[in-house]
Amino acid sequence: AKALAKELGVQFEVFDIQKMEDDFLGFSEQSLHKELSWEKDSITLQNISARIRGIIGWTHANAKNLLLLPPSNMSETQVGYFTSGGDDS
C-alpha cells in the first residue's frame, strides 16, 4: 500500500488504533455488564477494528472534503459478507 501510494503521489499514513480498540472493548464490556471473550463472543470482537478504521476514514474524509474509498474485498461485499460500519464505509 505504501509503495502504491508513493507511485500515485497520494498521502500515506499509518495509525496505531490499539488504544481505541482497548477503550472500545472496555466501554462495551461495561455497557453490556459482561466480559467478552474470543471463545464466546468471536463475532462481536472480530469486527471492532474494522469499524474503528471506518470511523477514522469517515472523519478524515469529512474533515478534509475528500472521497473515502473503503479498503475492502468487494467480492465479499457483493455477497453480503462484510463488516457493517467498517468495510461498507
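Quickly run through the range 37-72 and pick out the residues that are surrounded by fewer than 11 Cβ atoms within 10 Å (Cβ to Cβ), in a loop (DSSP other than H, G, I, E, B) and at pLDDT below 85.
LEU69
Specify the residue that is surrounded by the most Cβ atoms within 10 Å (Cβ to Cβ); the eligible residues are those in the range 1-36 that are assigned to a loop (DSSP other than H, G, I, E, B) and out of contact with any helix residue (DSSP H, G or I) (no Cβ under 8 Å at 6 or more places or on another chain).
Within the range 1-36, the subset assigned to a loop (DSSP other than H, G, I, E, B) is 1, 9-17, 33-36.
Filter once more, keeping what is out of contact with any helix residue (DSSP H, G or I) (no Cβ under 8 Å at 6 or more places or on another chain): 1, 9-10, 13-14, 16, 33-34.
Working: ALA1: 8, GLY9: 6, VAL10: 8, GLU13: 8, VAL14: 7, ASP16: 7, HIS33: 6, LYS34: 11.
Applying the filter and picking the extreme gives LYS34.
The values are calculated or read from the model by the stated rules, or taken from the named source; none is laboratory data. What you see is a predicted model; the values in this text were computed from it and never measured. All Cβ positions, even for glycine, are placed from backbone atoms using ideal geometry, and neighbour counts span all protein chains on display.
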